[in-house]
Amino acid sequence: MKNKMYYIWPVLIAAALALGILLGGKLNFNDSPERLFTTNSKKDKLNRLIDYIDYEYVDDVNTDSIVDVTVNNILGKLDPHSVYIPKKEMAEVSESMKGDFVGIGINFYMYQDTISVIKTVENGPSYNKGIEGGDRILRANGEELFGKKLPSGSVVEQLKGKKGSTIDLEVYRKKENRTFTVTVKRNTIPLKSVDSYYMLTNDIGYIKVNRFAESTYKEFKTALKALQKQGATKLTLDLRDNPGGYLGIAEQMADEFLKDGKLILFTKNKKGKIENAYATDKGSFEDKPVYVLINERSASASEIVAGALQDNDVGTIVGRRSFGKGLVQREMDLGDGSAVRLTISRYYTPTGRSIQRDYKKGNVDYYQELMKRYANGEMREADSIKVADSLKYTTPKGKTVYGGGGIIPDEFVPIGDNEQEAIIDLDSYGFLSYFTFEHLDKDRSKYDMFTRDEFIRDFKVDENLFVEFITYAKKNNISLDFYKYETSLKRYLKATLADQLFDANAYAKIKSKSDPMLLKVLELANENFKDKDLETTNTLNN
């Protein structure tokens with residue numbers, strides 16, 4: 001596809017940094033690395049070789065790249081989650097885990113070599129200056145940003161800057177066929193880790209968390225308080241596709257559901273030192289039904305929360321077996337802007353389970369294990385999940401749980417068929433967003449008649465829009481039985497329109513109406529809702 005969608009906030013690069021980053025923290029040494037890590041013959045040998053190449057090799061060689069390759073090779077022989085972060089990636093990774101950055105607050109689409117605004121961050125710098133979805137940013141401080149095949153990173157760097165600094169933008173508004181200039185003052189832009197939250201029914205709240213960053217617990221508490229004010233006495237915590245994050249944030253989230261003194265997890269390092277983490281008396285959702293949604297891409301911190309609740313006989317875990325990461329990393333700055341995240345301990349759930357799956361056959365085999373799960377049928381049938389009696393554990397109330405490769409849910413929900421999963425991928429990887437932007441770009445005014453709630457309740461994707469999508473998909477070599485999955489595709493199209501016209505909560509509400517895991521939650525909660533009823537309750541305001 002020629003056009004790509006880019007976000008002014010950085011994208012998580014979990015895959016590049018090994019799925020399921022779980023950090024114990026950063027090393028803060030009071031001594032220099034030279035004194036802390038004394039020299040020895042092995043390190044001297046490596047240093048001498050690099051110096052020898054640097055000074056004597058017949059051709060010019062970038063020894064920095066040699067060092068990067070060497071570090072990666074060393075870490076590659078340890079475990080899949082001990083990783084090297086090069087200097088050029090470190091700022092983006094740090095911003096992602098910090099939970100904010102400084103910029104102008106837009107997400108955009110490089111459409112025909114022009115920065116095209118999809119939407120602005122509500123109450124952000126661009127939003128407050130009246131920039132709208134569909135606007136084109138032509139120049140920044142007089143420098144052209146169109147007609148060039150600029151890499152997204154270059155564009156982002158021009159729009160980002162120091163907090164409080166200003167940038168003059170020349171903007172073309174297509175729907176009014178006019179160009180104007182606006183001065184925007186850069187400010188802190190949140191990188192939200194709570195994607196959405198709303199009332200699923202009159203008494204069941206829903207919160208979707210995409211990672212465990214520094215700001216996640218604060219976002220989660222804000223969402224939880226808002227839902228409780230709306231009458232939530234039950235909660236659905238959606239951790240699907242959540243690769244993890246900070247250990248401490250996972251502990252804080254689990255604490256919300258566990259009584260004072262309950263064990264959340266314990267860690268053990270190479271010296272056998274054990275550290276326990278216990279719940280406090282601060283939990284605000286204790287003794288209330290909670291449903292935790294997980295799937296095969298829920299890892300590390302997500303598994304800590306799910307495991308802590310499952311082992312303490314709190315709530316219900318719904319979905320499919322999680323990724324299986326039970327290792328803890330700590331980050332060390334290497335002094336040149338790069339860093340290493342090194343595995344320093346293993347964590348165990350309250351019953352003593354390690355959910356880390358085997359990695360002795362190497363990283364390639366390790367990450368292909370999810371494909372093996374699909375091949376052996378466990379994504380479709382709970383009975384196909386392979387468990388070992390030697391890894392059997394029992395919770396205080398007598399429930400059997402297993403270690404050795406992820407959290408097995410209490411209530412299994414199978415994966416969809418190939419084409420159903422293909423539709424999810426069209427959404428996840430941005431294809432539906434690309435189409436939606438181009439559709440809206442033709443004429444946004446026909447949606448001006450809808451308020452947010454009216455759109456959720458009343459708008460229907462008609463045949464003209466559906467055929468337009470089919471034509472676009474076929475043009476981009478997408479092969480599907482479109483009419484067999486017409487209902488599902490129309491629902492995803494409506495959700496994506498809602499996202500670009502309104503907000504992420506509208507998107508999530510619309511998508512939820514046919515979500516198998518959420519329908520399973522309603523069943524477990526003894527809610528006698530049909531799909532139609534779920535659609536009605538989803539129109540409730542946040």
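Here are the numbers for the structure shown:
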quantity: Highest-first arrangement of 221-233, 397-409, where packing means the average Cβ count within 10 Å; calculated: 397-409, 221-233
quantity: Added length on full extension, which subtracts the Cα-Cα distance from 0.36 nm per residue, Asn202 to Val467; calculated: 91.8 nm
quantity: Lys77 paired with Ala422, simple spin-label distance in nm, labels 7 Å along Cα-to-beta-carbon; calculated: 4.4
quantity: With 5 Å bins from 0: P(r) over the stretch 99-190, alpha-carbon pairs, percent; calculated: 3, 15, 27, 30, 18, 6, 1, 0
quantity: For Tyr198, distant residues with modelled amide H under 5 Å away; calculated: Tyr206
quantity: Estimated FRET transfer efficiency when R0 is 25 angstrom, pair Lys475-Val182 (beta carbons, to 0.05); calculated: 0.10
quantity: Debye, to nearest 20: dipole size of the stretch 239-412, +1 on Lys, Arg Cβ, -1 on Asp, Glu Cβ; calculated: 620
quantity: Relative contact order (%) - the chain, alpha-carbon pairs under 8 angstrom, separation at least six; calculated: 14
quantity: Table column - 3J(HN,Hα) (Hz), the stretch 361-366, Karplus curve with 6.51, -1.76, 1.60, x for Gly and Pro; calculated: 8, x, 5, 4, 4, 4
quantity: Lysine pair number, Cα distance threshold 20 Å (strictly under), the stretch 159-232, separation 8 or more or different chains; calculated: 15
quantity: Peptide ranges 120-128, 465-473, 286-294 listed from the most packed, as the mean C-beta count within 10 angstrom indicates; calculated: 286-294, 120-128, 465-473
quantity: Under the Karplus curve 6.51 cos²θ - 1.76 cosθ + 1.60, θ = phi - 60°, whole-Hz ³J(HN,Hα) for the stretch 289-300, x wherever Gly or Pro sits; calculated: x, 9, 10, 9, 8, 9, 9, 5, 10, 8, 9, 6
quantity: Phi to ³J(HN,Hα) by Karplus 6.51 cos²θ - 1.76 cosθ + 1.60 over the stretch 322-330, Hz, x for Gly, Pro; calculated: 6, 4, x, 10, x, 10, 10, 10, 10
quantity: Relative exposure of Ser322, Ser488, Ser196, judged by other C-beta atoms within 10 Å (fewest first); calculated: Ser488, Ser196, Ser322
quantity: Geometric extent, Cα atoms of the stretch 202-347 - Rg, Dmax (angstrom); calculated: 15.7, 54
quantity: Residues whose placed amide H lies under 5 Å from that of Ile264, excluding near-sequence neighbours; calculated: Ala277, Tyr278, Ala279
quantity: Equivalent-ellipsoid semi-axes of the chain, from the Cα gyration tensor, Å, largest first; calculated: 38, 34, 22
quantity: Whole-angstrom gap from the stretch 227-243 to the stretch 415-476, using each part's C-alpha centre; calculated: 26
quantity: Quotient of Cα Rg and 2.2 N^0.38 Å for the stretch 36-129, N being how many residues it contains; calculated: 1.74
quantity: Within the stretch 95-171, trypsin sites (Lys or Arg not before Pro) in DSSP loop having at most 10 other beta-carbon neighbours inside 10 Å; calculated: Lys149, Lys162
quantity: When the stretch 256-321 is reduced to its Cα atoms, the Kirkwood hydrodynamic radius in Å; calculated: 12.8
quantity: Antiparallel bridge percentage (DSSP; both residues within the chain; nearest 5); calculated: 75
quantity: Debye intensity ratio in log₁₀ form over the Cα atoms of the stretch 280-433, taken at each q of 0.13, 0.15 Å⁻¹; calculated: -0.71, -0.91
quantity: Residues with amide H under 5 Å from that of Leu235, placed H, sequence gap 5 or more; calculated: Gly205, Val290, Tyr291
quantity: FRET efficiency estimate (nearest 0.05) - Cβ-Cβ, Asn128 to Lys259, R0 45 angstrom; calculated: 0.55
quantity: Rough spin-label spacing in nm, given labels placed 7 Å along Cα→Cβ, for Lys45 and Val364; calculated: 2.7
quantity: Reachable lysines, given that their alpha-carbon falls under 20 Å from the alpha-carbon of Lys45 and they are not under 8 places away in the same chain; calculated: Lys77
quantity: Pairs of alpha carbons in the stretch 418-537 whose separation is greater than 16 Å (percent); calculated: 62
quantity: Ordering of 295-302, 83-90, 503-510 by burial proxy (mean other Cβ atoms within 10 Å per residue, highest first); calculated: 295-302, 503-510, 83-90
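Throughout, read-outs are computed from the coordinates displayed, never taken from laboratory work. For clarity, every value in this text was computed on a predicted model and none was experimentally measured. Cβ sites come from the backbone with ideal geometry, for glycine too, and all protein chains shown count toward neighbours.
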